[in-house]
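No lab work stands behind these numbers, since they all come straight from the coordinates. Predicted, not measured: the structure shown is a model, and the values here were computed from it. Methodologically, a virtual Cβ is constructed for each residue, glycine included, from the backbone with ideal geometry; neighbour enumeration extends over all protein chains shown.
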Amino acid sequence: RFRPAITSLTPEQASLERYRMAIEPFKVAALVVIPAVIGLLAGITASSEWANFQRWRNATEFGITDPQFGLDVSFYTFTYPFLRFVLGFAFAAIILALIIGALVHYLYGGLRLQPKGDRASVAAQVHLSVIVAIFLLLKAAAYWLDRFGLAIKSEPLVQGFTGLTYVDANAVLPSLTILTFVALLVAALFVAGRQNADPGHTGRVQSVNLWKHITFVLQCMAFFLIGMELPEVLNRTSQQDLGTLLMLVPAVLVTLIVLRTVFVFGMIGVSRAARRGGGANVRRGAVILSWAGARGPVSGLGAFSIPVIFASGEAVPYRDLILSTVFVIIVLTLLLSLTLAPLARAVGVKPDDDADLLRRVDTRLARAALDRLTDFEVEAVDAGNPLPADVSEQLRAEAERRLESASEPESVTLTQELRVTQIIEAARAMVRAEQEELIAMRDDEGLPDTLVRPLLRKLDTRDQALKTEQR
């Protein structure tokens, strides 16, 4: 329902259009049959767990309390197996939803591999972000449930022993608790990072500013959680691991910079081949991007999300070494960020000169406004209420002046002086035409946000002023 109405005319979309046309006659049937088949298979799979469901539904307490968590032992007999099944079923459903959602969005143009503008529509970003966030919430629930699984874990090294060992109680259990909150933070960070920053609507601008503050708070909490576990990890690191760490950190850092260099210059080469643009300044900017490392809480949270133990109860090898390496890499890349400004001056990076592009965009907007004014005049005549000639001349002269100068900022003085309702309606129609044309240029030509956002804010300001004047 929210798929793009008009997709970019790329070879990719032209190829997909044939599949869309082939599916169209069977779309309604597919929307009924495919969910029905998936639901039937899911029901057959769930029916095999009827015994666990009955045990959970008719559970009774044993009167014996678990000394670690203070739960009745019946929880591990009746409730725990059923919760495990529910989590596994939910994981399968959410992964299937993610795969099907991504395929459908790609088929109908919501996701694009060869875009002229954004790679994903707003609807696709929101939909897939919610699915991924739900997956991470389920992962947090799984980590929390793993804590109780330690109480019934069999120790392979000690025959007949079941329950928490000293390591489980003092290392694994706190780690699983931290991983639970880490998964929740990653989910929140992912949703915060996926918010649409299109400033074409004032409410979205306010929403983006709010999410920026929330993201900052979540990042602080993420580093706080990492700092809680990091001392234990470093204390468990042996002298041999420290020697390995000293060799591993430089190797990983150099590999990171090399891979980023190959990726950045490769993407620039593809972009230049597609758009026939770029130059020396683009290559200088690529050097800066290649030197910048992956610094931030996401890398650290991803490393700390590595499981502590396998399902068999064995510890994950080299986990502490991986966590230490990631933390040191983050610290070093933060320090390397201090060299970005000197490096930019050394390679001669200059700010982009958007004067010509801005004049071309403003010219297109002025022409769109003139075209809409002509249409509005025709509609007013057809409605029997023609626009006064002096008013039409004023509006047209203003748009033509902008078309001639192109580089001068738009003035809202004219719209503030006009009091006639019909005049304001015509002026607002022209503003809407400029907004539509600018958005179309952004989608079709991939205009940079640094250029589009000020223009959209200016147009929003003009429209709000006209709307207030109309009241």
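Can you check what the net charge comes to around Ala51, using other residues whose Cβ is under 15 Å from the Cβ of Ala51 (Lys, Arg +1; Asp, Glu -1)?
+2
Restricting attention to segment 68-153, which trypsin sites (Lys or Arg not before Pro) occupy a DSSP loop and are surrounded by at most 13 other Cβ atoms within 10 Å?
When the trypsin sites (Lys or Arg not before Pro) of segment 68-153 are filtered for loop state and at most 13 Cβ neighbours within 10 Å, Arg119 remain.
Report the full-extension gain for the segment Asp444 to Arg284: residue separation times 0.36 nm, less the Cα-Cα distance, to one decimal in nm.
Values: separation 160, 0.36 × 160 = 57.60 nm, distance 2.65 nm.
Taking Asp444 through Arg284 to full extension adds about 54.9 nm, to one decimal.
For the pair Thr468 and Val378, what calculated FRET efficiency results from E = 1/(1 + (r/R0)^6), where r is the Cβ-Cβ distance and R0 = 35 Å, to the nearest 0.05?
According to the calculation, E is roughly 0.80.
Ordered by packing density, taken as the mean number of other Cβ atoms within 10 Å over each peptide's residues, highest first, how do 388-395, 54-61, 25-32 rank?
Averaged packing, sorted descending, gives the order 388-395, 54-61, 25-32.
Could you list the residues of segment 322-344 with an amide nitrogen less than 17 Å from a label point located 7 Å from the Cα of Val254 in the Cα-to-C-beta direction?
Label zone hits: 329, 333.
Contour minus end-to-end for Val217 and Ala46, with contour as 0.36 nm per residue of separation and end-to-end as the Cα-Cα distance?
That works out to 57.5 nm of additional length.
Determine, from the Cβ-Cβ distance of Arg360 and Ala90 and an R0 of 51 Å, the FRET efficiency 1/(1 + (r/R0)^6), rounded to the nearest 0.05.
Once rounded, the FRET efficiency stands at 0.50.
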